[in-house]
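*Asks:* Handing you this structure, nothing more for now.
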Amino acid sequence: MELRSDGVIHLIWEPKVRIEIEDAQAAMAAVNEIAGDQTYPMLVDMATTEDVTRAARSVFSIPCAADRIALLGASPVDRIIANFFLGVHIPPCPTRFFTSRTESMKWLQAEN
């Protein structure tokens, strides 16, 4: 995870990862630490994520230093995971799923 020079927090999940509650909590703590007392848009590269547990999904519903989130995936499974999260949980900020990095960055930067 990093705060890029363009002001976007970038989180990249490892391929085929199963995101557990501890992973989600660590990711959100890292976002808050990187951001300090600011908020930033966040790009979450979740391409080929295998699964997100129910407990982890609940962590992602808690507000953090991300003020909008673009979920970037590459496969139908990624879309299903993202749509399930977005359908079941109320995201803490505007959140959208993309398969295009260019489109996701346009959306994140248009909101600035």
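FYI, it's all coordinate maths here, none of it is from the lab. In this text the structure is predicted, and so the values were computed from the model without any measurement. So basically every Cβ, Gly included, is an ideal-geometry build from the backbone, and we count neighbours across all protein chains shown.
*Asks:* Of the conditions (1) among the polar types (S, T, N, Q); (2) more than 14 Å from MET28 (Cα to Cα); (3) surrounded by fewer than 15 Cβ atoms within 10 Å (Cβ to Cβ), SER61 satisfies every one except a single condition; which number is it?
*Replies:* That leaves (2) as the condition not met.
*Asks:* Only one residue in ARG101, ARG54 is surrounded by 14 or more Cβ atoms within 10 Å (Cβ to Cβ), out of contact with any His (no Cβ under 9 Å at 6 or more places or on another chain) and among the basic types (Lys, Arg), so which one is that?
*Replies:* On the way: ARG54 fails: surrounded by 14 or more Cβ atoms within 10 Å (Cβ to Cβ).
Just a single option satisfies the conditions, and that option is ARG101.
*Asks:* Also, quick follow-up: Could you check the stretch 1-40 and list, in sequence order, the residues that are closer than 25 Å to VAL77 by Cβ and touching a Phe, Trp or Tyr at 6+ places or on another chain (Cβ under 9 Å)?
*Replies:* VAL8, ILE9, ILE19, ASP23, ALA24, ALA27, MET28, VAL31
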